[in-house]
Structure formats: C-alpha cells, structure tokens
Amino acid sequence: SKFGVTGFTQAVMLDLRNYDIKVTTIMPGSVATHFNDHEPSEQDAWKIQKEDIGELVVDLLKMNQRALPSKIEIRPTKPPQK
C-alpha cells in the first residue's frame, strides 16, 4: 500500500507540475502520534514530533516556485539502540 500511495503521488506530480501545482510525498519514519490509542510520552522523545512534520510542510510551502521536492523521507536522528 505504501508503494501505491507513492506511485500515485508521483503520477499526480508529473501530470500537474506543468499547471504550477506541486505534489510532494512526505515519508516519515517513527512519529510520536495518537494512532492505535497510543498516548505520546517522554519515551517517544526520540521520535519525530508532529511539529517537526508541520515545520517541514511550512518549509515546502515557502520554497521557491522553481523547486519541486517530489519525495521527502524523514527519519529520527537517533533511534534507540537494540
């Protein structure tokens, strides 16, 4: 399903970029979220935070019109050691 979303957004990006419509796929690693009834805590401090994704989106919106990042993969800097 991840490839389906990535492939779809790539196709949409290619179809729409000539109309000045930007499409970017953001592929985050571990994010501290409330999915599956999880309550983020201090143990999730190593994960990407919602404000990190928000900052990325704002930066994309501020980017010069001539630039089109089509795919962005973002990962936590230091995941816990196994």
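Quick notes on this structure:
- Picking from residues in segment 3-49 that are touching a residue at least 12 places away in the same chain (Cβ under 8 Å), within 23 Å of Ser70 (Cβ to Cβ) and in a helix (DSSP H, G or I), the one that is farthest from the chain's Cα centre (by Cα) is Arg17.
- Any hit, segment 20-38, residues being surrounded by 13 or more Cβ atoms within 10 Å (Cβ to Cβ), more than 24 Å from Phe3 (Cα to Cα) and out of contact with any Ser or Thr (no Cβ under 6 Å at 6 or more places or on another chain): no
- Selected residue (criterion: modelled with the lowest pLDDT) from residues of segment 39-60 that are among the aliphatic types (A, V, I, L, M) and farther than 27 Å from Ser1 by Cβ: Ala45
- Considering residues of segment 50-82 that are in contact (Cβ under 8 Å) with a residue 40 or more places away in the chain and in contact with a strand residue (DSSP E or B) (Cβ under 8 Å, 6 or more places away or on another chain) only, the residue most open to solvent (accessible area, probe 1.4 Å): Arg75
- Residues satisfying the stated conditions in segment 40-49, i.e. among the aliphatic types (A, V, I, L, M) and open to solvent by 60 Å² or more (accessible area, probe 1.4 Å): Ala45
The values are calculated or read from the model by the stated rules, or taken from the named source; none is laboratory data. Please read these numbers as outputs of a predicted model, since none were measured by experiment. Cβ sites come from the backbone with ideal geometry, for glycine too, and all protein chains shown count toward neighbours. SASA here: full protein model, heavy atoms, side chains in, ligands and nucleic acids out. Shrake-Rupley method; radii C 1.70, N 1.55, O 1.52, S 1.80 Å.
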